[in-house]
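Nothing in this text is a laboratory measurement; each read-out follows from the coordinates by a stated rule. As the structure is a computational prediction, the values presented were derived from the model and not from experiment. We place every Cβ from the backbone using ideal geometry, glycine too, and count neighbours over all the protein chains shown.
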Amino acid sequence: QVQLVESGGGLVQAGGSLRLSCAASGRTFSNYGMGWFRQAPGKEREFVAAITWSDNTYYADSVKGRFTISRDNAKNTVYLQMNSLKPEDTAVYSCAARVNPAIGGRNYYTSPGVYDYWGQGTQVTVSM
């Protein structure tokens, strides 16, 4: 059983920045594929960013150039640096882990069904 705990959410003004963290359990964290998803009111959960065990990264078109996903295997933590935030970014952000990922590209990591474990989510609110 893998436990994921997100932190770093909050309220910021448009144009501001936040850094989300997701702390994961597991001694094989370095092998996990990790993703960030978000769900805004009235919308389905959508893919935001993912990072593979080999540090390949994938981003939704809506956040590319503004968000950066990274991982620190020594800390069992994945980060989402969010810059130039927009009101449209307002959502509950959740991290997810695939413990034993298959070899796959963007289509693999953008699919919520790929992930084995999910965190509880952290609220990000961006005001105008």
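Connecting C-alpha atoms closer than 10 Å in a GNM of the chain, tell me which of Tyr109, Tyr59, Tyr117 has the biggest fluctuation. Of Tyr109, Tyr59, Tyr117, the Gaussian network model singles out Tyr117 as fluctuating most.
Note on Arg66 and Glu88: their simple-model spin labels are 0.7 nm apart, each label 7 Å out from Cα toward Cβ. Using a 7 Å offset from the Cα along the Cα-to-Cβ direction at both Val5 and Lys75, what is the distance between the two label points in nm, to one decimal? Taking the two extended label points, one gets 1.4 nm. Taking the helices alone, the chain has a mean residue ellipticity at 222 nm of -500 deg cm²/dmol, built from -39,500 (n - 2.57) per DSSP H run of at least 4 residues and averaged over all its residues.
Compared with the alpha-carbon gap, the fully stretched path from Arg19 to Ala102 is longer by 27.1 nm at 0.36 nm per residue. Separation of the stretch 97-128 and the stretch 30-56, taken as the distance between their Cα centroids, equals 3 angstrom.
Taken along the Cα-to-beta-carbon direction at a fixed 7 Å, the label points for Met128 and Thr28 span 4.9 nm.
How big is the charge dipole of the stretch 1-93 about its Cα centre, in debye rounded to the nearest 20, if each Lys and Arg gets +1 on its Cβ and each Asp and Glu gets -1 on its Cβ?
The calculation lands at about 140 debye.
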